[in-house]
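Asker: Let me begin by handing over the structure; questions about it come next.
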Amino acid sequence: MLRLIATIRKEWLLLRRDKAGLTLLFAMPLVLITVMALIQDAPFKDYQEVKFDILTVDNDQGRLGRYIREGLGASGQFNVIDSIGQQPLTEEKAKSLIAEGEYKISITIPKGATAEIVSNANKIVNDISKRMGLASQLPVKATVSDSLAVQLYFDPASKKAFKSAIQQALDNFLTQVQTDLLLERIQLQLKSKDSAAVQDSFPAIKLKAVGLRETGVGAGKQIDVISNSVQHNVPAWSIFAMFFIVIPIAGNMIREREDGSLVRMKLIPGNYGSILSGKLLFFVGICIVQFYLMMLVGIYVLPMLGLPKLQLGVDHAAGLLTAASIGVTATAYGILIGTLFKTPNQALNFGAISIVILSAIGGIWIPLEIMPDTMQRIGRLSPLSWGLDAINDIYLRNGNIRYVLPDIARLLGCGAVMLAIAAIVEQRRIG
């Protein structure tokens with residue numbers, strides 16, 4: 001315990017002694033997230049068209065569902081998925097996968113949709129036939145459902161521009177499908193009549209019997225959050241800035257070895273693990289303070305610059321736990337670099353460049369889903385990707401601790417492995 005307390009006090013004195021470095025440690029990340037949110041605000045409103053997986057649940061089992069699946073598949077924009085693990089998708093399963101961020105889009109075709117469209121087409125054809133003096137023979141439903149709609153579900157982390165583009169494309173496609181079915185019924189009933197006469201007799205009609213409706217996913221308390229430049233950039237670049245804690249950690253550790261203070265610390269009774277624990281606790285605390293200062297910028301400063309206000313989700317305890325877990329991994333990485341490298345130039349150069357690489361492949365700069373498949377697989381190995389996924393689960397998908405536990409476990413496990421390696425290397429160096 002004495003080593004732990006002494007290590008924390010020593011780290012605080014070293015950090016406080018370098019007032020310029022302490023100021024930069026907090027000021028530069030605040031400038032970074034402000035600049036990145038401002039310069040990426042405009043391009044974040046436009047979404048590059050890429051091919052996406054779309055979950056389809058066909059409760060109708062009629063022509064509408066078949067036409068939609070075939071049309072989506074032929075469009076070249078979607079990979080149509082109607083089963084998972086050789087089991088047909090259900091609406092609840094699809095909603096669960098969307099809410100968890102496994103897929104971006106799901107579409108559910110309601111039962112009776114084809115019958116509603118056919119009834120609407122029959123009604124129009126009967127009206128045309130009546131105007132032309134023909135007997136109306138096609139059956140029509142007694143009641144018309146105004147609430148029947150194809151359900152569309154989006155990952156809550158999807159950007160507004162992306163959702164609008166997909167909604168427009170699907171709505172246009174749905175209109176085309178229903179129009180084709182209508183014209184087919186007209187041709188069957190009036191195939192012997194002159195087409196010009198049919199057009200002159202065509203009444204003002206409602207072509208769309210089945211509409212498109214977006215429905216939110218996820219259980220529990222919900223808040224209206226959309227992915228924009230602030231919601232992406234503030235958490236993402238905050239994680240990036242937290243990992244730059246490796247610079248002061250590695251620098252301090254190398255100076256400790258050079259000036260002999262590490263030897264004096266080791267003379268205090270106890271094992272080397274208490275020294276590492278002291279460093280870990282101190283710098284994780286710094287990371288948490290740094291993280292929430294940047295969140296405050298997103299909440300209060302960026303709206304004054306004309307940008308949206310940052311939303312922190314509904315489970316603040318989960319957000320704190322995630323920030324602490326990211327801080328543990330970042331601190332452990334700094335300790336590992338400070339242990340492995342012998343000079344400040346080696347440690348600082350490697351630390352800075354490796355963080356830039358890990359952030360680039362981890363979705364900090366651009367979303368992972370628009371990267372090539374190979375880069376996506378590599379990017380999901382980055383601790384920064386785990387942290388960003390957890391933050392998105394909380395801030396955008398209204399998730400709770402249960403949602404982020406896998407990412408937190410990965411972050412803490414990675415941190416533990418790095419600390420263990422650092423301890424082993426230092427013990428061998430002593431020997």
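Asker: Which one of the conditions (1) surrounded by 19 or more Cβ atoms within 10 Å (Cβ to Cβ); (2) of a type in the set (K, R); (3) not in a helix (DSSP H, G or I) does K309 fail to meet, given that it meets all the rest?
Answerer: (1)
Asker: Considering only segment 381-431, how many residues are at pLDDT below 90 and either of a type in the set (F, W, Y) or outside any helix (DSSP H, G or I) (or both)?
Answerer: Number satisfying all stated conditions: 8.
Asker: Ok, one more. In the list Q346, Q376, which residue meets the criterion of being open to solvent by 30 Å² or more (accessible area, probe 1.4 Å), at pLDDT 85 or above and of a type in the set (S, T, N, Q)?
Answerer: Working: Q346 fails: at pLDDT 85 or above.
Testing whether each residue is open to solvent by 30 Å² or more (accessible area, probe 1.4 Å), at pLDDT 85 or above and of a type in the set (S, T, N, Q) leaves just Q376.
Asker: Confirm whether G278 is at pLDDT 85 or above, closer than 20 Å to W12 by Cα and either open to solvent by 10 Å² or more (accessible area, probe 1.4 Å) or not aromatic (F, W, Y) (or both). Write out each step before concluding.
Answerer: Details: at pLDDT 85 or above: no; closer than 20 Å to W12 by Cα: yes; either open to solvent by 10 Å² or more (accessible area, probe 1.4 Å) or not aromatic (F, W, Y) (or both): yes.
No; evaluated as a whole, the condition is false for this residue.
Asker: Inspect segment 76-97 for any residue being open to solvent by 10 Å² or more (accessible area, probe 1.4 Å), in contact with a Pro (Cβ under 9 Å, 6 or more places away or on another chain) and on the phi > 0 side of the Ramachandran plot and give the result as yes or no.
Answerer: Looking through segment 76-97, none of the residues is open to solvent by 10 Å² or more (accessible area, probe 1.4 Å), in contact with a Pro (Cβ under 9 Å, 6 or more places away or on another chain) and on the phi > 0 side of the Ramachandran plot.
Asker: Got at least one residue in segment 345-354 being hydrophobic (A, V, I, L, M, F, W, C), touching a Cys at 6+ places or on another chain (Cβ under 7 Å) and within 21 Å of L280 (Cβ to Cβ)? Before you say what the answer is, go through the steps one by one.
Answerer: Keep residues of segment 345-354 that are hydrophobic (A, V, I, L, M, F, W, C), which gives 347-348, 350, 352-353.
The next check asks that each one be touching a Cys at 6+ places or on another chain (Cβ under 7 Å); those that pass are none.
No, segment 345-354 contains no residue that is hydrophobic (A, V, I, L, M, F, W, C), touching a Cys at 6+ places or on another chain (Cβ under 7 Å) and within 21 Å of L280 (Cβ to Cβ).
Asker: Starting from segment 336-361, keep only residues that are under 24 Å from T374 (Cα atoms), then list their pairs with residues that are modelled with pLDDT of 85 or more and small (G, A, S) whose Cβ atoms are within a distance under 7 Å, requiring at least 6 positions of separation or different chains.
Answerer: If the second residue must be modelled with pLDDT of 85 or more and small (G, A, S), the pairs left are L358/S382; I361/G379; I361/S382.
Asker: Which one is farthest from T329 (Cα to Cα) among residues in segment 417-428 that are open to solvent by 60 Å² or more (accessible area, probe 1.4 Å) and either among the aliphatic types (A, V, I, L, M) or within 22 Å of the chain's Cα centre (by Cα) (or both)? Talk me through it step by step, then tell me what you get.
Answerer: Filtering segment 417-428 down to residues open to solvent by 60 Å² or more (accessible area, probe 1.4 Å) leaves 417, 421, 424, 427-428.
Restricting the remaining residues to those that are either among the aliphatic types (A, V, I, L, M) or within 22 Å of the chain's Cα centre (by Cα) (or both) gives 417, 421, 424.
On the way: V417: 10, I421: 13, I424: 18 Å.
Checking each candidate, the answer is I424.
The values are calculated or read from the model by the stated rules, or taken from the named source; none is laboratory data. Predicted model only: the values in this text are computed from it and were never measured. Ideal geometry is used to build each Cβ from the backbone, glycine not excepted, and the neighbour counts take in all protein chains shown. Please note that ligands, DNA and RNA were not included when accessible areas were found on the heavy atoms of the full protein model with its side chains. Shrake-Rupley method; radii C 1.70, N 1.55, O 1.52, S 1.80 Å.
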